[in-house]
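The block underneath contains the structure these notes are about, expressed in structure tokens.
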Amino acid sequence: MIKAIIVDDELHCIERLTYLINEFNHDLVQIIAAANTVANAIEIIQKQKPDLVFLDVELGRQNGFEILKQFAETNFKVIFITGHQQYAVQAFRFSAFDYLLKPVEQSQLSDALQKLAVHITQNERNQKIESLLYNLSNRENPNKRLCIPTAEGFTFVETKDIVRCEAMTNYTIIHLKNNQKITVARTLKDYEQLLEDCNFFRIHNSHLVNLKYIKNYKRGKGGTIILSDGTQIEVSTRRKDQFLKRIFGGREY
């Protein structure tokens with residue numbers, strides 16, 4: 001049984017989440033306490049030592065991230081709760097944190113709880129939190145820290161070090177600038193959505209590239225790009241115009 005606490009400054013949200021857990025996940029999670037302020041939450045976590053914290057992003061004039069900053073070592077897993085579709089959601093995804101959107105629905109809660117079976121070390125958990133806080137504090141910076149799940153656990157890379165992502169059926173091979181490769185059990189579409197605001201462009205069904213690593217472009221039906229590592233990749237004819245506009249900043253080419 002997973003011992004959990006809820007941190008939320010809205011009583012009806014605490015009651016809603018407690019109901020969903022008791023009604024549909026009573027054999028998996030037990031709610032042992034609830035808190036509605038940062039100070040109260042820190043005190044409960046220190047005393048109760050929960051396995052899981054459902055953490056609301058906004059707590060009055062403070063936010064849930066202030067709680068995480070108080071723990072040098074986090075011995076609990078975190079599922080974030082937010083009432084804002086866009087607020088911090090991208091940072092959660094980059095850092096591989098689960099989150100629930102208010103009003104919480106049973107289906108999204110069940111999906112998040114199913115992922116708790118994945119074991120991560122305390123060091124990896126701390127790295128995920130460090131990555132999340134970094135991304136939140138650098139929202140306007142296109143460079144983000146990306147948490148990549150692997151067979152051994154997690155690997156953390158900065159998006160500026162990714163040269164390209166290559167589709168391989170339901171897997172993605174991430175090519176880094178040091179010639180290292182990471183194979184991930186996620187589709188290229190997932191990474192396209194995640195990296196589109198970080199200077200990446202999907203030039204072909206099989207390739208998503210970091211535009212800063214393009215060295216040359218050769219004209220042709222769709223054209224061919226040459227990356228700084230010497231890799232040559234054809235540009236899809238249907239993506240050619242959009243690609244060139246992106247490269248030339250919307251100017252005529």
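Rule-based calculations on the coordinates, nothing more; no lab input. All values derive from a computational prediction rather than experimental measurement. Glycine also receives a Cβ, built like all others from the backbone with ideal geometry; neighbour counts cover every protein chain displayed.
Which value in deg cm²/dmol, rounded to the nearest 500, describes the helix-derived mean residue ellipticity at 222 nm for the chain, given -39,500 (n - 2.57) per DSSP H run of n ≥ 4 and division by the residue count?
On the way: 8 runs with 76 residues, N = 253.
Computed mean residue ellipticity for the chain: -8500 deg cm²/dmol.
Restricting segment 148-179 to GluC sites (Glu not before Pro) that sit in a DSSP loop and have at most 11 other Cβ atoms within 10 Å of their own Cβ leaves GLU152. Largest first, the extents of the alpha carbon coordinates of the chain on the three principal axes equal 64, 36, 33 Å. State the Cα centre-to-centre distance between segment 194-218 and segment 45-124 in whole Å. Spelled out, the Cα-based centre of one part sits 31 Å from the other.
Counting 0.36 nm for each residue step from GLN48 to LYS3 and taking away their Cα separation leaves a gain of 15.3 nm. Computed over the alpha-carbon pairs of segment 2-137, the distance histogram in 5 Å steps reads 2, 10, 22, 26, 23, 14, 3, 0 percent, short to long. Calculated FRET efficiency, GLN122 to ALA185, Cβ-Cβ distance, R0 = 25 Å: about 0.60 to the nearest 0.05. Most simply put, the chain has about 60% antiparallel DSSP beta bridges, counting only bridges with both residues inside it.
Dipole of segment 70-154, Cα-centred, from +1 at each Lys and Arg C-beta and -1 at each Asp and Glu C-beta, to the nearest 20 debye?
Details: 9 positive and 8 negative charges, 30 e Å.
That gives a dipole near 140 debye.
For segment 50-118, the list of trypsin sites (Lys or Arg not before Pro) that fall in a loop by DSSP and count at most 16 other C-beta atoms within 10 angstrom reads ARG61, LYS69.
Fewest-first ordering of CYS147, CYS165 by other beta carbons within 10 Å of each residue's beta carbon gives CYS147, CYS165.
For Cα pairs less than 8 Å apart in space and 6+ apart in sequence, what is the mean separation divided by the residue count of segment 107-243, i.e. the relative contact order in percent?
Numbers: 200 pairs, mean separation 18.8, N = 137.
Over segment 107-243, the number comes to 14 percent.
For segment 124-253, the equivalent ellipsoid built from the Cα gyration tensor has semi-axes of 27, 17, 12 Å, listed from largest to smallest. Across the chain, Cα pairs under 8 Å and at least six residues apart give a relative contact order of 10 percent.
Looking at segment 95-146, which GluC sites (Glu not before Pro) are in a loop (DSSP not H, G, I, E or B) and have at most 15 other Cβ atoms within 10 Å?
Working: sites: GLU105, GLU124, GLU130, GLU140; in loops: GLU105, GLU140.
When the GluC sites (Glu not before Pro) of segment 95-146 are filtered for loop state and at most 15 Cβ neighbours within 10 Å, GLU105, GLU140 remain.
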